[in-house]
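Chemist: Below are the structure tokens for one structure; questions will follow.
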Amino acid sequence: MDAVAAASGPQLLAIERELSGPGAQEALARHDAVLAALDSRLGAALRDGVPPEEYPKLEQLREANSVARKILRLAVRDG
């Protein structure tokens with residue numbers, strides 16, 4: 001396991017606990033706002049133009065962000 005994965009594990013568990021607790025809707029709104037802001041910044045970067053070699057990376061990051069937002073909503077709805 002690399003350092004990034006090791007460090008993110010506890011954070012993901014904390015988020016999962018938040019999303020299954022009594023303040024789940026507030027936690028959802030807070031985390032979704034972070035992901036929405038990231039999507040906005042990614043969209044702006046793509047519109048403003050990036051070097052051709054960076055474009056596929058940003059597109060993949062934007063897709064991953066979209067998937068993360070969907071998973072976040074499912075976690076609260078099903079939790």
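The values are calculated or read from the model by the stated rules, or taken from the named source; none is laboratory data. Since this is a predicted model, take the numbers as computed values, not measurements. Methodologically, a virtual Cβ is constructed for each residue, glycine included, from the backbone with ideal geometry; neighbour enumeration extends over all protein chains shown.
Chemist: Identify all residues within region 46-79 that are hydroxyl-bearing (S, T, Y) and farther than 30 Å from S20 by Cβ; write none if there are none.
Modeler: Answer for region 46-79, where residues must be hydroxyl-bearing (S, T, Y) and farther than 30 Å from S20 by Cβ: just Y55.
Chemist: Out of all the residues in region 49-79, which are acidic (D, E) and farther than 21 Å from A29 by Cβ? Step through it out loud before you land on a result.
Modeler: Step one: filter region 49-79 for residues acidic (D, E), giving 53-54, 59, 63, 78.
Correct list: E53, E54, E59, E63.
Chemist: May I ask you to list pairs of residues, at least six apart or on different chains, whose Cβ atoms are under 9 Å apart, with the first in region 58-69 being without any contact (Cβ under 8 Å) to a residue 40 or more places away in the chain and the second being of a type in the set (D, E, K, R)?
Modeler: R62/D39; N65/D39; S66/D39; R69/D32; R69/D39
Chemist: How many of the residues making up region 18-33 are closer than 16 Å to R73 by Cβ and surrounded by fewer than 11 Cβ atoms within 10 Å (Cβ to Cβ)?
Modeler: Going through region 18-33 one residue at a time, the tally reaches 2.
Chemist: All but one of (1) out of contact with any Gly (no Cβ under 6 Å at 6 or more places or on another chain); (2) at pLDDT below 95; (3) not hydrophobic (A, V, I, L, M, F, W, C) hold for D39; state the number of the condition that does not hold.
Modeler: Checking D39 against (1) out of contact with any Gly (no Cβ under 6 Å at 6 or more places or on another chain); (2) at pLDDT below 95; (3) not hydrophobic (A, V, I, L, M, F, W, C), the one that fails is (2).
Chemist: Just to be sure I understand, how many residues within region 43-72 are closer than 21 Å to Q11 by Cβ and either of a type outside the set (K, R) or surrounded by 12 or more Cβ atoms within 10 Å (Cβ to Cβ) (or both)?
Modeler: The number of residues fulfilling the criteria is 9.
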